[in-house]
1. Given the structure, is Leu126 open to solvent by less than 20 Å² (accessible area, probe 1.4 Å) and either outside any strand (DSSP E or B) or over 17 Å from Asn161 (Cα atoms) (or both)?
2. I'd like to verify a number: residues in the stretch 109-121 that are open to solvent by less than 60 Å² (accessible area, probe 1.4 Å) and part of a helix (DSSP H, G or I), how many?
3. Pairs, please: C-beta under 7 Å, at least 6 apart or cross-chain, first residue over 14 Å from Glu64 (Cα atoms) and in the stretch 353-380, second among the basic types (Lys, Arg) and not in a helix (DSSP H, G or I)?
4. Just wondering, is there one or more residues in the stretch 76-84 that are small (Gly, Ala, Ser), under 25 Å from Ile112 (Cα atoms) and open to solvent by less than 30 Å² (accessible area, probe 1.4 Å)?
5. Can you tell me which residue among Asp317, Asp327 is open to solvent by 30 Å² or more (accessible area, probe 1.4 Å), assigned to a helix (DSSP H, G or I) and either among the small types (Gly, Ala, Ser) or at pLDDT 95 or above (or both)?
6. Does Val337 satisfy being within 27 Å of Asn47 (Cβ to Cβ), in contact with a helix residue (DSSP H, G or I) (Cβ under 6 Å, 6 or more places away or on another chain) and assigned to a loop (DSSP other than H, G, I, E, B)?
7. Which pairs do you get when a residue that is under 26 Å from Phe40 (Cβ atoms), found in the stretch 303-328, comes within reach of a residue that is acidic (Asp, Glu) and assigned to a helix (DSSP H, G or I), reach meaning Cβ atoms under 6 angstrom, with the pair 6+ apart or on two chains?
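The values are calculated or read from the model by the stated rules, or taken from the named source; none is laboratory data. Predicted model, so just to flag it, every value in this text is computed and none were measured. Using ideal geometry, Cβ is built from the backbone for each residue, glycine included, and neighbour counts are taken over all protein chains shown. With ligands, DNA and RNA removed, areas are computed over all heavy atoms of the protein, side chains included. Shrake-Rupley method; radii C 1.70, N 1.55, O 1.52, S 1.80 Å.
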Amino acid sequence: MKKVKYKPLLLVLAALQLIACNGPQQANKETLKDAFAGKFYIGTALNEWQITGRDTASLNVAKEHFNAIVAENCMKSGEIQPEEGVFDFSLADKFVDFGEQHNMFITGHCLIWHSQAPRWFFTDSLGNDVTREVLIGRMKTHIETVVGRYKGRIKGWDVVNEAIIEDGSFRKSKFYQIVGEDFIKLAFQFAHEADPDAELYYNDYNEWYPGRRDAIVEMIRKFKANGIRIDGIGMQGHIGMEGPSIEEYEEAITAYANEGMKVMVTELDMSILPKPRFGDIGADISTNFEYRKEINPYEDGNVPQEKQDEWDSRMLDFFNLFLKHSDDITRVTLWGVNDKTSWKNNFPVRGRTDYPLLFDRENQPKSVVEKLIDLAKQTK
């Protein structure tokens, strides 16, 4: 009797089974950007490895789930103009190209910020502070050059970052010390002149603090009274398990929206770790505390299910709030693609292991992602 060869048939059957199991599932796979379409952009920050294509796994997550991007570092003044008159647009160009290729809303971050600014910006050849006129001229040149290069391509700019502190007073940065509070108004003026069609934002952390909130509102009103254009307020959204409350955050959203501002959550992450208990630290990157074992409880990667459920629930509460105010909120951007590359692993304590984003260290969606997609679909 002739033997029947089953191997090819088995291979065909196996292939058909694989298609049956995976094909429709992949075809119907829902993403964050699809779920939140028509409500607000859902974005992420990209780092150098992602922008250059070396971290392909993270880049695939960005392409699949997000429709807005912001550069984590490569567009800050110290990176883009390390020496006076010497501009390095190599990474920024790749970043913008990527956004355009994938039809994403591109935000430029940031034009004027006291941190990560090159030292030469504020000093002369002898190391002394420059005059007010010189610093204003350097600001103008920097803003005109950067914004002008991406005119019509970058849709919105974080023009000034973190210029007001929690009590509502101005941060005593070099910009403030040399120019005075006018440096904020001038930065917005220069940015508008460089690209009249780009949206212009003021961006800050602990943006829900009453003192800072009220000072930002007052700044908006002064701008309007003086004919200075400002389109929106970036609420960074570096939050934790213990604060702020949903009510506090909603008050800030409402306050900015009532001034006619577009509201954006620009750098969202939520630390699952306990605070160091040295007062409120906000997001000042100069802050760092001593490592202690008790404030790094999940260094082995094993977050208890009960704690993960608590984190999921709080993140859902915030997104519920964002959806409630989707008429005013235009974008919610996560500050990073996955937990592994998040700055929160080393802030405010170096060496900690944190889990503040929607995707884990292997770029897999956490349980909250499906919950967020369901929440968005259920919200009319």
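1. Taking the combined requirement at face value, the residue does not satisfy it.
2. Looking only at that region, the number is 2.
3. Listed pairs, sorted by first residue: Asp360/Lys366; Ala376/Lys39.
4. Yes, because at least one residue in the stretch 76-84 is small (Gly, Ala, Ser), under 25 Å from Ile112 (Cα atoms) and open to solvent by less than 30 Å² (accessible area, probe 1.4 Å).
5. Within the list Asp317, Asp327, the selection yields Asp317.
6. For Val337, the condition - within 27 Å of Asn47 (Cβ to Cβ), in contact with a helix residue (DSSP H, G or I) (Cβ under 6 Å, 6 or more places away or on another chain) and assigned to a loop (DSSP other than H, G, I, E, B) - is met.
7. Close Cβ pairs satisfying both conditions: Leu321/Glu250.
Listed here are the residues, each with its yes/no results for (1) closer than 25 Å to Asp55 by Cβ; (2) modelled with pLDDT of 95 or more; (3) loosely packed, with under 14 Cβ neighbours inside 10 Å.
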site	(1), (2), (3)
Gln308	yes, yes, no
Asp312	no, yes, no
Gly336	yes, yes, no
Asp339	yes, yes, no
Arg350	yes, no, yes
Thr353	yes, no, no
